[in-house]
Amino acid sequence: MLLNPGSFVKKQIQYSEMSGTMQEEFRIEHTQNRVERRDARENRHLLIETAKRLFAEQGVATTTMKQIAGAAGVSKGTLYRHFADKGELCRALIREDVAVFQERVEALLIDRQQIPSAVKRLEILIAERIHLAEHHLPLFTAIEEAMSGVQEQARRFRGPFTAWTHTQVVALLHEGIAQAEIVPLDVAYIADVLMAAMSPALLHYQRNDCGYSTERIIAGMQRLFVDCIQRP
């Protein structure tokens, strides 16, 4: 059976036109997606900057998500698409500082030439962790307060930053035991108790309700979790 050349050419033209239409639709969709992603990034940045300004002006605890959305000129739906609650927004505000803290402190903790003693490095970690929490205490407190459910409460002790600190404590305790600096003990349990003692909620209570100084808190922590576990 012979193909009609004219029919073949016509089908090729139709296919080319359809292909061109599909490519154009893809380009339009790709452009729209790119614009939407850019708008989303801009909205996220706007919300973070607005929250930072309102927190500085009127405090973290008294600033509501509704106020943040209103000041940013976006709907509450747009705000909640980026941040499920005020805790997530506060976490975004301190993310960069926490990353810098982790990099700087981890460099100190692995420097065994400058600081051979695991106990001394544990002292440094405790002091640095408390100073960081003190510097961002309203934000850390808001993050914890947003964790209301049972599963969310568990994140207080195993969130990304807390898990990182817990890992460092465990490593230092094991090293201290291996170096015969620390008495044999339940490392995981002691690390858990130490993390609870460094909770921003407890620090907030000690600083604002009890009136303890940061120096007093650090000294007490080091007495309990460093001095009391060292070999005589």
Open item on the list: If I filter segment 207-217 for residues that are surrounded by 13 or more Cβ atoms within 10 Å (Cβ to Cβ), at pLDDT 90 or above and within 21 Å of the chain's Cα centre (by Cα), do I get at least one hit?
Closed with: no
Task: Yes/no for Asn33 being at pLDDT below 90 and surrounded by 14 or more Cβ atoms within 10 Å (Cβ to Cβ) - done: no
TODO: Output the qualifying pairs, or none if there are none: Cβ atoms under 8 angstrom, residues six or more apart or on different chains, first residue in segment 208-226 and assigned by TED's automatic domain parsing to the domain that holds Ile124, second residue outside any helix (DSSP H, G or I) and at pLDDT below 95.
DONE: Met221/Met198
TODO: With the checklist (1) buried (at least 18 other Cβ atoms within 10 Å of the Cβ); (2) closer than 24 Å to Ala51 by Cα in hand, flag the one item Thr165 doesn't pass.
DONE: (2)
Open item on the list: Residue pairs, Cβ under 9 Å, 6 or more apart or interchain, first in segment 97-112 and closer than 12 Å to Phe161 by Cα, second of a type in the set (A, V, I, L, M, F, W, C) and in a helix (DSSP H, G or I). List them.
Closed with: Asp97/Leu132; Val98/Leu132; Val98/Phe161; Val98/Trp164; Phe101/Leu132; Phe101/Phe161; Gln102/Phe161; Gln102/Trp164
Task: Flag for Leu108 being at pLDDT 90 or above, part of a helix (DSSP H, G or I), crowded, with 16+ Cβ neighbours inside 10 Å and of a type outside the set (S, T, N, Q) - done: no
Task: Cβ pairs under 9 Å, 6+ apart, first in segment 124-137 and under 16 Å from Gln222 (Cβ atoms) and in the same structural domain as Pro200 (by TED's automatic domain parsing), second of a type in the set (Gly, Ala, Ser) and buried (at least 17 other Cβ atoms within 10 Å of the Cβ) - done: Ala133/Ser199
- [ ] Would you check if there is a residue in segment 134-150 being of a type in the set (Ser, Thr, Tyr), within 20 Å of the chain's Cα centre (by Cα), in a helix (DSSP H, G or I) and farther than 25 Å from Ala84 by Cα?
- [x] no
Task: Some residue of segment 194-206 being at pLDDT below 95, part of a loop (DSSP other than H, G, I, E, B), crowded, with 17+ Cβ neighbours inside 10 Å and not basic (Lys, Arg) - done: yes
Open item on the list: Between Glu49, Glu96, Glu128, Glu123, which is at pLDDT below 90, out of contact with any Gly (no Cβ under 8 Å at 6 or more places or on another chain) and in a helix (DSSP H, G or I)?
Closed with: Glu96
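The values are calculated or read from the model by the stated rules, or taken from the named source; none is laboratory data. Quick caveat: nothing in here was measured; it's all calculated off a predicted structure. Glycine also receives a Cβ, built like all others from the backbone with ideal geometry; neighbour counts cover every protein chain displayed.
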